[in-house]
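Engineer: Here's a structure for you.
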Amino acid sequence: MSKKRALDSFFTPISHKKPCLSPRPPVESEYCTIGPSSIDVSNHRSYPYPIPHLPPHIVEELSRVPAAEGREINNQPDLDLLYFQPYIPKGVERDLFDFLRQQLFFYRVQYTIKRYGTETQINTPRYTTVFGVDTSSTFTATGDLVDSQTTKPVHLERYKACASQPRPMPQCLDLLRRLTEIFTGATYNFCLVNYYADGADSISYHSDDERFLGPNPSIASFSLGATRDFCMKHKPMPPKDGHPPPEQNLKPPLKLPLASGDMVLMRGKTQANWLHSIPKRKGKGNESGRINITFRKGVEKYATQNYYQYNVGEGVIWKWDKRKGEMKEWVESRNKG
Ligand SMILES: O=C(O)CCC(=O)C(=O)O
């Protein structure tokens, strides 16, 4: 099916009140809800609170993605990127940013690692959250987890090491996931969200090359809000006997100034060979927030354990406080009613 036809069959004309997506079965999380607003929110027993569905005008604008053609960047060894500037139409990306920052729950994960034999505490320098489950399990329409092969309920043991039981993607992220699948030709079962409150938040050089993502994974990475530099450098190349260090090691990092609505698809040998980061940017002009959303596919149950450990953890829940214009600790009793 062509992308255009896939998109046409994905969106039906928008009624004046509610977005109507068809044809497809209900998204898992849409129906595991109680109360009168059940069709307007996604909920699940693992969520601290329900997440509203996207407002109709955002859904309508998303039917115009990608807003620009993707540009291939593959002029360096092992690099294979498709860069959309932007993917999400201008104007609506700001509404999507405001909506997600307001509605999602976030964490500021702390964990310890052994460095040179000493336990060191790591404070993740950004807000994070995650939804999804690896390919060994699937969510049913009522939000239960079943084994993907047998369709039998998943025993609690499978994810007992996880910081939280796996959470289905809420409608607002699942819709973007399905649109991304149409245009990238890949499938995704995890959505990781980072919120960088300002230039002091960051992610250091790393690659998403874990075995649980399989060989040559495709990772679609969206930017919303403030522009931040996305830096990439080749992993150090070993010198070949008797030769000077490979030229690639001396090259300055590639820098993509990711703006609101942009999407970078990293694919092929990129993760196996390249590192990426969002460096800190201190000082004036770096006070505004940025959301990053990545869609990935985890093919082993360890993907679920790893992603929930490092993106949910065991600490408090953070939610955007619109009045104060900052993240505040979310406390259940205070927010009831
Ligand atoms: O914020 C970004 O653009 C990059 C995020 C990232 O590298 C990650 O979540 O692994």
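The values are calculated or read from the model by the stated rules, or taken from the named source; none is laboratory data. All of these numbers come straight from a predicted model, not from anything done at the bench. Every residue, glycine among them, receives a Cβ derived from its backbone with ideal geometry; neighbour counts consider all protein chains shown.
Engineer: Name every residue in region 61-72 that is out of contact with any Gly (no Cβ under 8 Å at 6 or more places or on another chain) and touching a residue at least 60 places away in the same chain (Cβ under 8 Å), in order of residue number.
Structural biologist: If we filter region 61-72 for residues that are out of contact with any Gly (no Cβ under 8 Å at 6 or more places or on another chain), which is where we start, we get 62-66, 68-72.
Answer for region 61-72, where residues must be out of contact with any Gly (no Cβ under 8 Å at 6 or more places or on another chain) and touching a residue at least 60 places away in the same chain (Cβ under 8 Å): 62, 65, 66, 70.
Engineer: Another question, then. Being of a type in the set (A, V, I, L, M), within 28 Å of residue 73 (Cβ to Cβ) and out of contact with any strand residue (DSSP E or B) (no Cβ under 6 Å at 6 or more places or on another chain), is that true of even one residue in region 311-331?
Structural biologist: Here is the first cut: in region 311-331, the ones of a type in the set (A, V, I, L, M) are 312, 316-317, 327, 331.
Now restrict to residues that are within 28 Å of residue 73 (Cβ to Cβ): none.
Within region 311-331 (the criterion being of a type in the set (A, V, I, L, M), within 28 Å of residue 73 (Cβ to Cβ) and out of contact with any strand residue (DSSP E or B) (no Cβ under 6 Å at 6 or more places or on another chain)), the answer is no, since none of the residues qualifies.
Engineer: How many of the residues in region 230-246 are in contact with a helix residue (DSSP H, G or I) (Cβ under 6 Å, 6 or more places away or on another chain) and either surrounded by 18 or more Cβ atoms within 10 Å (Cβ to Cβ) or not charged (D, E, K, R) (or both)?
Structural biologist: 3
Engineer: Name every residue in region 208-235 that is within 15 Å of the chain's Cα centre (by Cα) and either within 20 Å of residue 107 (Cβ to Cβ) or part of a loop (DSSP other than H, G, I, E, B) (or both), in order of residue number.
Structural biologist: Of all residues in region 208-235, those within 15 Å of the chain's Cα centre (by Cα) come to 208, 213, 217-225.
Result: 208, 217, 218, 221, 222, 224, 225.
Engineer: On the given criteria, is residue 302 hydroxyl-bearing (Ser, Thr, Tyr), within 16 Å of the ligand (Cβ to nearest atom) and over 22 Å from residue 199 (Cβ atoms)?
Structural biologist: Judged against the criteria, residue 302 is not a match.
Engineer: Also, quick follow-up: Suppose we filter region 74-113 for residues that are part of a helix (DSSP H, G or I) and in contact with a His (Cβ under 8 Å, 6 or more places away or on another chain); how many remain? Talk me through it step by step, then tell me what you get.
Structural biologist: So in region 74-113, the residues part of a helix (DSSP H, G or I) come out as 92-103.
Among the residues that remain, those that are also in contact with a His (Cβ under 8 Å, 6 or more places away or on another chain) are: 92, 95.
Final tally of qualifying residues: 2.
Engineer: Could you please find all residues in region 114-153 being modelled with pLDDT of 95 or more, among the hydrophobic types (A, V, I, L, M, F, W, C) and assigned to a loop (DSSP other than H, G, I, E, B)?
Structural biologist: 133
Engineer: Mind listing just one residue for me: the one in region 179-229 that is β-branched (Val, Ile, Thr) and away from the ligand (no atom under 13 Å from the Cβ) and, of those, surrounded by the most Cβ atoms within 10 Å (Cβ to Cβ)?
Structural biologist: First pass over region 179-229, keeping only residues β-branched (Val, Ile, Thr): 180, 182, 184, 187, 193, 203, 219, 227.
Okay, now just the ones that are also away from the ligand (no atom under 13 Å from the Cβ), so 180, 182, 184, 187.
Working: 180: 23, 182: 18, 184: 18, 187: 13.
Selected residue: 180.
Engineer: Do we have residue 243 as of a type outside the set (A, V, I, L, M) and either within 15 Å of the chain's Cα centre (by Cα) or within 11 Å of the ligand (Cβ to nearest atom) (or both) here? Can you show your working first?
Structural biologist: Details: of a type outside the set (A, V, I, L, M): yes; either within 15 Å of the chain's Cα centre (by Cα) or within 11 Å of the ligand (Cβ to nearest atom) (or both): no.
No: the conditions fail for residue 243.
Engineer: So residue 234 ticks every box in (1) within 14 Å of the ligand (Cβ to nearest atom); (2) touching a residue at least 60 places away in the same chain (Cβ under 8 Å); (3) more than 16 Å from residue 296 (Cβ to Cβ) but one. Which box is left unticked?
Structural biologist: (1)
Engineer: Mind listing whichever residues of region 281-297 are more than 15 Å from residue 218 (Cα to Cα), within 14 Å of the ligand (Cβ to nearest atom) and within 20 Å of the chain's Cα centre (by Cα)?
Structural biologist: Listed by number, the residues that qualify are 289, 290, 291, 292.
Engineer: Taking the condition of being in contact (Cβ under 8 Å) with a residue 40 or more places away in the chain, surrounded by fewer than 16 Cβ atoms within 10 Å (Cβ to Cβ) and among the basic types (Lys, Arg), how many residues in region 270-312 meet it?
Structural biologist: 1
Engineer: Scan region 240-251 and give yes if some residue there is hydrophobic (A, V, I, L, M, F, W, C) and in contact (Cβ under 8 Å) with a residue 40 or more places away in the chain, otherwise no.
Structural biologist: Residues of region 240-251 that are hydrophobic (A, V, I, L, M, F, W, C), as a first pass: 250.
The next check asks that each one be in contact (Cβ under 8 Å) with a residue 40 or more places away in the chain; those that pass are none.
No, region 240-251 contains no residue that is hydrophobic (A, V, I, L, M, F, W, C) and in contact (Cβ under 8 Å) with a residue 40 or more places away in the chain.
Engineer: Can you name every residue in region 124-136 that is surrounded by 21 or more Cβ atoms within 10 Å (Cβ to Cβ) and away from the ligand (no atom under 14 Å from the Cβ)?
Structural biologist: Within region 124-136, 133, 134 meet the criteria.
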